[in-house]
Amino acid sequence: MRPPPSPPLLPLLLLLVLLPSPPAVAAAAGPTSLEALRAAAGRRAASPATQERAAAGVLRRLLPSHALSFRFQIDPKGGVCGDSSCFRISNVDGSSKGGAEILIQGNTAVELASGLHWYLKYWCGVHISWDKTGGAQLASVPSPGSLPRVKGTAVKVERPVPWNYYQNVVTSSYSFVWWDWRRWEKEIDWMALQGINLPLAFTGQEAVWQKVFKSFNVTDRDLDDFFGGPAFLAWARMGNLHAWGGPLSQNWLDQQLALQKKILSRMIELGMVPVLPSFSGNVPVAFKKLFPSASITRLGEWNTVDGNPRWCCTYILDPSDALFIDVGQAFIKQQMKEYGDITSIYNCDTFNENTPPTNEPAYISSLGSAIYQAMSRGNKDAVWLMQGWLFYSDAAFWKESQMKALLHSVPIGKMMVLDLFADVKPIWQTSSQFYGVPYIWCMLHNFGGNIEMYGVLDSISSGPIDARTSYNSTMVGVGMCMEGIEHNPVVYELMSEMAFRSQKVEVEDWLKSYSYRRYGQSNVEIQKAWAILYHTIYNCTDGIADHNRDYIVEFPDISPSSFSSQYSKGRSISVVRKHPRFLGEVSASLPQPHLWYSTAEAVKSLELFLKAGDDLSESLTYRYDLVDLARQSLSKLANKVYLDAMDSYQMRDSSDLNFHTKKFLEVIMDIETLLASDDNFLLGPWLETAKSLATTEDERKQYEWNARTQVTMWYDDTKTEQSKLHDYANKFWSGLLKSYYHPRASKYFTRLSRSLQENRSFQLEEWRRDWISYSNEWQSGKELYPVKATGDALAISRSLFAKYFR
């Protein structure tokens, strides 16, 4: 491997120019009662010595060669940061050889880790992302004893708002479900480096619920019918389904509880404030018999094919019932018994897709008050953290009076709202800053853990600033609420930086710095490529939630005769209905893949990436981005090929149909080959990590079925009707294309061609029967898939570019 070149002067100057200046005047940070929350968090914080050791641990795991090059110092009395949260970077003068060169001070270990990351980025040209998006570029760090010095006395960076939130309630299922402690440790380090101090912590809660429900005389058999399987726990927790993919073994429950204790311990050591779950009203059906006089309602069906009661239609205990407070208090108390008194912030989303029975404000206020009472009786300092998505998804119900009734049902400062989709559909603008209630400006960005290059960089770089500096702002934080992680590293790096940015970021200049850091060197072609990507793929302004529905990964479940030949002219027929729980869109007819940019321009950026290949081919971050961009370009091409095939069918042109069919299937297999050349686009690791958590053969089969089902059929089906959620969590993974997406399209096009040859209508039900049978067999399969890449990603990308785009 070649040694990294010395950083050229221009990029270094650029990096220094991009350093933010401390805010001259802090914008309003919400009601002063929020100070009580920060004080409560401080009382629960680990000791300064513990936090300093935790920050040093992050450094040791990231850059062991420089473990002695940095000194960390907690500032507990505000001598450095005052009343704000900050980090301060300065030189250590007169240190001995091999000693500390840089001092980083801050009021928590998260600030210390953030300061370390800031220094490594803007003085050493480092880039840090998830391993599955190329990992960290650390080769540009000078050797110990030669670290760049900070000019002047020091550089101090303050948070303009106190909180940096992380996770969606479903991320635990789409991304974290199969993680062990080793993977969690890396994630928590990443969180600390990104400045995240308010993470959702949902792992292991079923073990707590088991103890709580047993205290109410619910049996293990009752809970087998209540908990979902490992890959579907998020939706069982929300009351969407029960038992699907289950039951949970005692091994799983104990294993996850032990894991959660490690997670929480490390978060506390780093000075984070975990957000724990609370009671939203979801109860086992046994409660109906155990408490016959309680107000318990059976919810309607949620995305089942035929309302099968084996997993459909859960039960919710009305917050107005006294039993609600008893159960809610018991759950908070049991968590405190398991974990200690570690937090005062609890998540509850009772009203998401569970519209109150009346819009009477007094009733809504009483429900909100009861929910908060259940929390506060368990923890007197409790603060209710609520997703604000319902105010958008069910806007017809949540008018001003109803919003105020809920938001003001608890004391101001005892509730925080996540403006979940603020990057695209900000609610703070239409609700007078949530009517005075503190809120967190959040980026949603991803649905189902899909793999799609997408972003709204301009919104990210300016949205939090606009919200914070607006009149009477009650914004108290920024957050990342994606459904799945490990994609689009540029989006998450910029969003993380906004926790420390007091002014808008000039994205074009920032991207020059980003590309230099990500690949470890300056490259003219790469800079040009990123300039194009900024104005195309990462400049979505159409307001549509980006859920990848490309035809390869979400093949249309329709008969071509269901739409007329007029489609071939406009190619825009799409009947859409919203699915608020999934925060995406599900088509009732021919799905229309989201396309918000010029594919021709994106292909130009791919060509520039390929030109840079000789210089950057050894970079893992470059390889990831190259494969991802080539994959996306080919997938968008395949959408056009599919539509050409449909045109051919409408024109009754058998020869043309066969041509486009062959091309569509060929593109799938070419993308398969491309993805197989990078470790981060493989199906194998997802399945193998699932099986690795099993202790018995039955668990192994169950976990693998869960893993396979989530990324394919997702939910229940019949012999002739696919799951309503099929392909919601689709993935561009090598192994999945070859064994699942290719056979599906092949079966469809074979029948389509036969229908033309035999001059009869396309037999959709026959295809469905054939395909669903195949899918169900695949879901229960045991075949192994590679966990290591094969092939030369650059050579393959160049070959495919010549084949399809020249």
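The values are calculated or read from the model by the stated rules, or taken from the named source; none is laboratory data. Everything quoted here is computed from the prediction, not taken from an experiment. All Cβ positions, even for glycine, are placed from backbone atoms using ideal geometry, and neighbour counts span all protein chains on display. Just the protein is used for accessible areas: all its heavy atoms, side chains included, with ligands, DNA and RNA removed. Shrake-Rupley method; radii C 1.70, N 1.55, O 1.52, S 1.80 Å.
Tabulated data
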| item | result |
| --- | --- |
| Some residue of the stretch 212-230 being closer than 30 Å to I128 by Cβ and in contact with a Phe, Trp or Tyr (Cβ under 8 Å, 6 or more places away or on another chain) | yes |
| Filter pass, G340 being over 20 Å from S293 (Cα atoms) and surrounded by fewer than 20 Cβ atoms within 10 Å (Cβ to Cβ) | yes |
| Matching option when the condition is in a helix (DSSP H, G or I), open to solvent by 30 Å² or more (accessible area, probe 1.4 Å) and on the phi < 0 side of the Ramachandran plot, among R631, R623 | R623 |
| Among the residues listed as I440, I451, the single one being of a type in the set (V, I, T), assigned to a strand (DSSP E or B), surrounded by 21 or more Cβ atoms within 10 Å (Cβ to Cβ) and touching a Phe, Trp or Tyr at 6+ places or on another chain (Cβ under 8 Å) | I440 |
| Hey, G735 under 19 Å from L674 (Cβ atoms), surrounded by fewer than 23 Cβ atoms within 10 Å (Cβ to Cβ) and of a type outside the set (D, E) or not | no |
| Verdict on A243 being modelled with pLDDT of 95 or more, over 30 Å from Q73 (Cα atoms), crowded, with 18+ Cβ neighbours inside 10 Å and over 27 Å from the mean Cα position of the chain (by Cα) | no |
| Among the residues listed as E688, E666, E697, the single one being open to solvent by 30 Å² or more (accessible area, probe 1.4 Å), within 30 Å of R183 (Cα to Cα) and free of Cβ contacts under 8 Å to residues at least 40 places away in the same chain | E697 |
| Test set (1) within 21 Å of F287 (Cβ to Cβ); (2) in contact (Cβ under 8 Å) with a residue 40 or more places away in the chain - L317 fails condition number | (2) |
| Considering residues of the stretch 140-170 that are farther than 14 Å from F87 by Cα and basic (K, R) only, the residue most open to solvent (accessible area, probe 1.4 Å) | K151 |
| Residue within the stretch 345-366 that is of a type in the set (F, W, Y) and under 30 Å from L629 (Cα atoms) present | no |
| R798 closer than 20 Å to Y551 by Cα and either modelled with pLDDT of 95 or more or not in a helix (DSSP H, G or I) (or both) | no |
| Positions within the stretch 173-200 being part of a loop (DSSP other than H, G, I, E, B) and touching a helix residue (DSSP H, G or I) at 6+ places or on another chain (Cβ under 6 Å), in sequence order | V177, W178, Q194, G195, N197 |
| Filter result for the condition that a residue is open to solvent by 10 Å² or more (accessible area, probe 1.4 Å) and touching a residue at least 60 places away in the same chain (Cβ under 8 Å), over F227, F216, F232 | F216 |
| Residue ID - surrounded by the most Cβ atoms within 10 Å (Cβ to Cβ), chosen from residues in the stretch 488-530 that are of a type in the set (S, T, Y) and not in a helix (DSSP H, G or I) | S502 |
| Test: residue in the stretch 750-757 that is outside any helix (DSSP H, G or I), surrounded by 14 or more Cβ atoms within 10 Å (Cβ to Cβ) and not assigned by the TED database to the domain that holds N308 | no |
| Any chance K724 is under 30 Å from the mean Cα position of the chain (by Cα) and open to solvent by 40 Å² or more (accessible area, probe 1.4 Å) | yes |
| Yes/no for Q260 being within 23 Å of G448 (Cα to Cα) and buried (at least 18 other Cβ atoms within 10 Å of the Cβ) | no |
| The stretch 530-544 residues that are small (G, A, S), paired with ones that are open to solvent by 30 Å² or more (accessible area, probe 1.4 Å) (beta carbon under 9 Å, 6 or more apart) | A531/E508; A531/K512; G543/V424; G543/K425 |
| Residues of the stretch 758-795 that turn out to be of a type in the set (D, E), closer than 27 Å to N658 by Cβ and either touching a residue at least 60 places away in the same chain (Cβ under 8 Å) or not in a loop (DSSP other than H, G, I, E, B) (or both), as a count | 3 |
| Unique match (being within 29 Å of D225 (Cβ to Cβ), among the small types (G, A, S), without any contact (Cβ under 8 Å) to a residue 40 or more places away in the chain and in the same structural domain as V437 (by the TED database)) among A322, A330, A374 | A322 |
| Leading residue by the ranking (farthest from I371 (Cα to Cα)) among those in the stretch 389-426 that are charged (D, E, K, R), open to solvent by less than 60 Å² (accessible area, probe 1.4 Å) and in contact (Cβ under 8 Å) with a residue 60 or more places away in the chain | D394 |
| Set Q373, Q329, Q335: member being at pLDDT 95 or above, outside any strand (DSSP E or B), farther than 15 Å from G281 by Cα and touching a helix residue (DSSP H, G or I) at 6+ places or on another chain (Cβ under 7 Å) | Q335 |
| Those helices (runs of 4 or more DSSP H) lying entirely in the stretch 216-288 with at least 3 residues closer than 24 Å to W686 by Cβ | 233-237, 250-269 |
